[in-house]
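Everything on this sheet refers to the single structure shown next.
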Amino acid sequence: MKPFIMVSTRPEIEAAENEYESFRAHGGLEPEQLTHVMLEEVDLADAFDPQAVSGVIIGGSPYNASTPFDAKTRTQVRVEEEVGELLATALKDGVPVLATGFGLEVLANHLGTATSTDFGEDLGAADLFVTEEGRRDPVLAGLPETFTVFVGHHEGAVAVPEHSVLLASSPDCPVQMLRVGERLYGTQFNPELDADHVTQRISAYLDAGYGDPGQLELVLSEARLSGGNVAGRIVRNFVERFAQD
């Protein structure tokens, strides 16, 4: 099988490695089947070969696409540019992509739609509602019409971008999952997070402004009570649908 690429956009190495392991586990992939690339360290745009991969998974980040340009670090600007170039290549060459969190925000901007802190969500659980289009989409196959996911983001898309289809929504963040064409998907929530991995993620970002740190135990209790991670099926469906020999 051609490998998938997991692109980490977050600068925190331990959090990025945990994110990679979570996607690998939910995707049912061996280490050699999911190559880990950290944009903090690698210039991917020049080296990326669309013909050599089954698809790309783009992870989340504490960066915000809506931050004024003058307030962004040079690293953030470079990471955003590389993600944008990767998305443009994927759209042009038909490379399957699952862009999560910050990846969806950059995708929305690439498609001409702004993001806003009006649609941020504190660390915790949220109930998602699958749209009619979502119920027909193979990447959501096997999921119920309503399911719980873990969230934690400062912003979200203000509308469904042009040329995309809304697949799932929630009251506080209407654009939770979308598809562009037949191969490019974006999720604002974190499909890779289960109870163990949400604990690691929260520990990494206690002081990052994703909510009241005093609510940590409540969030972790929600994670433990949730049992398995239904949303993880999205990662597995994506891998099974687009894996290439």
Requested in this report: With only alpha-carbon atoms counted, please give the Rg and Dmax of the chain, in Å.
Outcome: 16.3, 48
Requested in this report: Over the stretch 4-242, give the accessible area per residue in Å² for a 1.4 Å probe, as an integer.
Outcome: 42
Report summary line: Given Cβ charges of +1 for Lys and Arg and -1 for Asp and Glu, the option among Ser164, Thr67, Phe119 whose Cα lies farthest towards the positive end of the dipole of the chain is Ser164
Report summary line: Note: Asp122 to Ser66 extended length (0.36 nm per residue) minus current alpha-carbon separation gives 18.4 nm
Query raised in the report: Size of the dipole of the stretch 4-242 about the Cα centre, Lys and Arg at +1 and Asp and Glu at -1 on the beta carbon, nothing else charged, in debye to 20?
Result: 580
Query raised in the report: For the stretch 39-181, what is the convex hull volume of the alpha-carbon atoms per residue, in Å³?
Result: 117
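The values are calculated or read from the model by the stated rules, or taken from the named source; none is laboratory data. Remember, predicted model here, so these are calculated numbers, not experimental data. Quick reminder, even Gly has a Cβ in these numbers, built from the backbone with ideal geometry, and neighbours come from all protein chains shown. Protein only, heavy atoms only, side chains kept; ligands, DNA and RNA dropped before computing areas. Shrake-Rupley method; radii C 1.70, N 1.55, O 1.52, S 1.80 Å.
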